[in-house]
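The values are calculated or read from the model by the stated rules, or taken from the named source; none is laboratory data. Just so you know, these numbers come straight off a predicted model, no measurement behind them. Neighbour counts are summed over all protein chains in view; Cβ atoms, including those assigned to glycine, are modelled from backbone coordinates with ideal geometry.
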Amino acid sequence: MKQLSTTIFTTMSALAQQHQAINLGQGFPDFAADPALLQAAFDAMNNGHNQYAPMMGTLPLRTTIAELVKKHYDFDAHIDQEITITAGASEALFCAILAITQPADELIILEPAYDLYRPAIIHAGGVPVGVNLAFEQDKFVVDWTRVKSAVTSKTRAIIVNTPNNPTGNTFTEQDLIELEQLAEQYNLWVISDEVYEHMVFDGALHQSALRRPALAARTIHVASFGKTLHVTGWKIGYTIAPPQLTNAIRAVHQFNTFTVATPLQLAIADYLNAHPHVTAELPAFYQAKRDFFRAGLSRTAFQLLPSEGTYFQLVDYRAITQFSHLTDTEFATHLTTHVGVAAIPLTPFYGVSPSGQKLVRFCFAKKEETLTAALVRLEHALGV
């Protein structure tokens with residue numbers, strides 16, 4: 001039997017609840033979604049759309065997705081042959097990994113990385129190969145020379161994530177070029193986890209794999225409406241992939257969840273058609289929250305790392321001498337149990353974490369009053 005540990009998100013959220021801490025650990029909003037979206041879901045249910053949807057997803061939502069990626073990335077996705085609706089991005093990632101992995105295949109992961117990748121690869125019989133991001137000038141970056149050195153004759157694919165959870169960093173156009181060249185040179189599949197695609201700040205452009213045709217031809221693009229529309233509990237994600245890969249994904253999906261909540265799919269399609277500017281407005285919405293949170297954190301002894309995208313902020317606590325001897329897990333536990341603010345340590349995002357790293361992650365996808373209350377506690381305990 002394969003043994004899998006409890007995720008750090010489950011552990012820290014339970015600890016936060018036990019100690020009545022403000023939960024800035026797990027990445028979910030504490031504010032309501034647009035009432036118009038909720039009404040669209042109610043209407044779909046009330047109009048009788050409560051039975052199984054097609055395995056690949058409802059036609060209205062697949063059509064809406066095709067329109068979205070055309071608008072944002074000038075990519076033409078075939079509605080029937082390339083788009084599959086899944087039970088959140090997690091199922092999409094799981095199906096993608098199982099679809100392409102044969103026993104003993106190696107899949108490269110750029111770490112720190114979302115903690116689903118490794119167990120999914122192991123479940124598929126593959127071998128996860130972690131390549132740690134370089135840390136240069138207080139920022140995580142991809143060292144593509146290091147990535148190339150990890151490729152072997154057994155390498156099947158590489159998994160990338162931009163904007164990146166947990167670092168908040170984003171790919172540059174040059175990163176996409178390097179990824180494309182790597183995949184072509186070594187004949188690799190690419191799983192591109194882009195669930196935070198509409199949360200890129202400071203006027204930057206999201207560098208999606210779909211922007212480059214040669215790269216898109218060997219990529220499984222993974223995205224999530226839960227993140228974009230503030231409804232993480234709805235678990236509506238999707239993949240876009242070439243027909244060959246889509247068929248393999250659906251072969252897994254049909255025996256996993258088979259289908260995804262019909263009224264929620266229809267609600268999202270109706271809502272996005274009626275509110276076409278939502279995705280374009282999201283960066284400014286979360287950038288305002290980022291800036292508010294960072295301004296408050298500047299009154300603490302934390303060193304703030306850049307947050308170029310996502311709704312996460314990394315902080316370095318090595319300069320806080322009374323806590324610099326603690327591991328990141330010990331420090332995150334202290335914040336939760338004694339300061340009353342839950343954070344996530346970075347170590348669980350690695351296979352082999354770098355020595356001496358003193359980083360924890362906060363989530364700023366919260367109401368202003370929640371962030372304010374957390375900042376008051378942090379400044380009181382760790383103020384400069």
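Just to be sure, is I236 buried (at least 23 other Cβ atoms within 10 Å of the Cβ), β-branched (V, I, T), out of contact with any strand residue (DSSP E or B) (no Cβ under 6 Å at 6 or more places or on another chain) and assigned by TED's automatic domain parsing to the domain that holds P60?
Yes; evaluated as a whole, the condition is true for this residue.
If a residue has to be hydrophobic (A, V, I, L, M, F, W, C) and over 28 Å from G130 (Cα atoms) to count, how many in region 331-374 make the cut?
7
Exactly one of these conditions fails for R318: (1) buried (at least 21 other Cβ atoms within 10 Å of the Cβ); (2) assigned by TED's automatic domain parsing to the domain that holds K367. Give me its number.
Of (1) buried (at least 21 other Cβ atoms within 10 Å of the Cβ); (2) assigned by TED's automatic domain parsing to the domain that holds K367, only one is false for R318: (1).
Which of the residues spanning region 133-147 are touching a helix residue (DSSP H, G or I) at 6+ places or on another chain (Cβ under 8 Å) and either surrounded by 15 or more Cβ atoms within 10 Å (Cβ to Cβ) or assigned by TED's automatic domain parsing to the domain that holds G351 (or both)?
Passing the criteria: V142, W144, V147.
Just to check your reading of the model, which residue among T10, T84, T101 is within 24 Å of the chain's Cα centre (by Cα) and loosely packed, with under 14 Cβ neighbours inside 10 Å?
T10
Residue-wise test of (1) surrounded by fewer than 18 Cβ atoms within 10 Å (Cβ to Cβ); (2) of a type in the set (D, E, K, R).
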position	(1), (2)
Q18	yes, no
I22	no, no
D30	yes, yes
Q39	yes, no
M55	yes, no
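With respect to P283, is the statement that it is out of contact with any helix residue (DSSP H, G or I) (no Cβ under 6 Å at 6 or more places or on another chain) and in a helix (DSSP H, G or I) true?
The answer is yes for P283.
As an exercise: evaluate L245 against (1) touching a Phe, Trp or Tyr at 6+ places or on another chain (Cβ under 6 Å); (2) more than 30 Å from F135 (Cα to Cα); (3) not polar (S, T, N, Q) and give the number of the one condition it does not meet.
Condition (1) is where L245 drops out.
Suppose we keep only residues that are more than 25 Å from Q185 (Cα to Cα) and more than 21 Å from the chain's Cα centre (by Cα) within region 125-174. Which one would you say is modelled with the lowest pLDDT?
Only one residue tops the list, namely Q137.
I'd like to check something: does region 375-382 contain any residue that is surrounded by fewer than 20 Cβ atoms within 10 Å (Cβ to Cβ), in contact (Cβ under 8 Å) with a residue 60 or more places away in the chain and either polar (S, T, N, Q) or under 20 Å from F135 (Cβ atoms) (or both)?
no
Farther than 17 Å from C363 by Cβ and either at pLDDT below 95 or not small (G, A, S) (or both): is that true of E308 in this structure?
Judged against the criteria, E308 is not a match.
Just for region 21-37: of the residues that are part of a helix (DSSP H, G or I) and touching a residue at least 60 places away in the same chain (Cβ under 8 Å), which one is nearest to H123 (Cα to Cα)?
L37
Go through region 57-81 and count every residue that is outside any helix (DSSP H, G or I) and under 17 Å from S224 (Cβ atoms).
Summing the residues that are outside any helix (DSSP H, G or I) and under 17 Å from S224 (Cβ atoms) in region 57-81 gives 3.
List pairs: first in region 356-367 and over 12 Å from G25 (Cβ atoms) and at pLDDT below 95, second outside any loop (DSSP other than H, G, I, E, B) and among the acidic types (D, E), Cβ under 8 Å, 6+ apart or cross-chain?
Here the result reads Q357/D328, each pair linking region 356-367 to a residue that is outside any loop (DSSP other than H, G, I, E, B) and among the acidic types (D, E).
Among residues belonging to region 188-214 that are in contact with a Leu (Cβ under 7 Å, 6 or more places away or on another chain) and under 17 Å from Q313 (Cα atoms), point out the one that is surrounded by the fewest Cβ atoms within 10 Å (Cβ to Cβ).
Taking the candidates together, the pick is H198.
If I filter region 321-346 down to residues being over 25 Å from G226 (Cβ atoms) and touching a strand residue (DSSP E or B) at 6+ places or on another chain (Cβ under 9 Å), which single residue comes out as surrounded by the most Cβ atoms within 10 Å (Cβ to Cβ)?
L335
Given the criterion more than 25 Å from D291 (Cβ to Cβ) and in contact with a Ser or Thr (Cβ under 8 Å, 6 or more places away or on another chain), identify the matching residue among T321, T329, T337.
Only one candidate passes the filter, namely T329.
Look at Q18 and say whether it is without any contact (Cβ under 8 Å) to a residue 24 or more places away in the chain and either assigned by TED's automatic domain parsing to the domain that holds H338 or among the polar types (S, T, N, Q) (or both).
Criteria met by Q18.
Test A280 against the stated conditions and say whether it is under 17 Å from L24 (Cα atoms) and out of contact with any Lys or Arg (no Cβ under 6 Å at 6 or more places or on another chain).
Against the criterion (under 17 Å from L24 (Cα atoms) and out of contact with any Lys or Arg (no Cβ under 6 Å at 6 or more places or on another chain)), A280 does not qualify.
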